[in-house]
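Scroll down for the structure; my scribbles are underneath it.
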Amino acid sequence: MELKCYKCVIDPDITSDLEVSFVALVDRPAIDRNFLSFNERQRFSLNEDRQIISGPAMIAGLPMYRKDETFGEYYVEFDAETILSIVQKFNAKGYMQNFNLFHDENQQLPGITIFNSFISDPSLGIQPMQGFEDVADGSWFISAKVNNDEAWGKIKDGSVKGFSVEGIFQYVKMQSQKAKLTPDETVLKILDLLKETTGLI
């Protein structure tokens, strides 16, 4: 089945509600990448974890499956330009401590702070985070200090595994995720398959 694909965009105007305003800790990140949790002991502290989580918050150009009553089944994605606008506005509005659990507004998580945030851009010498070298240029990476016992407990026991951004977006229709073949392309595809399976052509 051919599914529609939409590009998510925001409004860079600081007064607009079209923005990313929270980062959720989730068990199944839409970007299909878990964060790395660093829990080694600090050199001069005893029995005290570093409690830092790091990983991609948004991956440029990655189609993410969605299903709802309004659009049915479809894909959404963020391009590098939109991610840049999102991160600039996110920082300008001081959202670095806006975390919740599973996108639940009633489960906000105080005590978590983004202290490192960057967009990968080789032209500026900014490479993806180690362990995520295959992620597309223009992706957003974050590291956060977790001074929240509930959240850290869920991170340590694997109940949450990654980041998921939360916001209000405008959808711009893109080319469908599964492109249709022309009649000539279809014939060539069938001939290739026959050749591979029968060896008669």
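The values are calculated or read from the model by the stated rules, or taken from the named source; none is laboratory data. Just so you know, these numbers come straight off a predicted model, no measurement behind them. FYI the Cβ positions are ideal-geometry reconstructions off the backbone, even for glycines, and counts take in every protein chain you see.
Points worth noting:
- Total residues in segment 5-32, condition surrounded by fewer than 17 Cβ atoms within 10 Å (Cβ to Cβ) and farther than 10 Å from VAL165 by Cβ: 10
- Any hit, segment 82-93, residues being part of a strand (DSSP E or B), in contact (Cβ under 8 Å) with a residue 40 or more places away in the chain and either hydrophobic (A, V, I, L, M, F, W, C) or farther than 20 Å from ASP17 by Cα (or both): no
- Of all residues making up segment 66-77, the number that are part of a strand (DSSP E or B) and either touching a residue at least 60 places away in the same chain (Cβ under 8 Å) or farther than 18 Å from ALA24 by Cα (or both): 8
- With respect to the stated conditions, SER164 is modelled with pLDDT of 65 or more and of a type in the set (S, T, N, Q).
- Residues in segment 121-146 that are under 21 Å from LYS161 (Cβ atoms) and not in a strand (DSSP E or B): PRO128, MET129, GLN130, GLY131, PHE132, GLU133, ASP134, VAL135, ALA136, SER139.
- Among the residues of segment 133-159, just one is on the phi < 0 side of the Ramachandran plot, modelled with pLDDT under 90 and not acidic (Asp, Glu), namely LYS156.
- If the condition is being assigned to a loop (DSSP other than H, G, I, E, B) and under 14 Å from ALA57 (Cβ atoms), then segment 1-30 contributes PRO29, ALA30.
- When LYS67, LYS93 are checked against the criterion of being more than 25 Å from MET174 (Cα to Cα), among the basic types (Lys, Arg) and surrounded by fewer than 18 Cβ atoms within 10 Å (Cβ to Cβ), a single residue qualifies: LYS93.
- Check on PHE115, free of Cβ contacts under 8 Å to residues at least 60 places away in the same chain and either over 18 Å from ILE31 (Cβ atoms) or outside any loop (DSSP other than H, G, I, E, B) (or both): yes
- Test for GLU40: is it among the acidic types (Asp, Glu) and either modelled with pLDDT under 95 or surrounded by fewer than 15 Cβ atoms within 10 Å (Cβ to Cβ) (or both): yes
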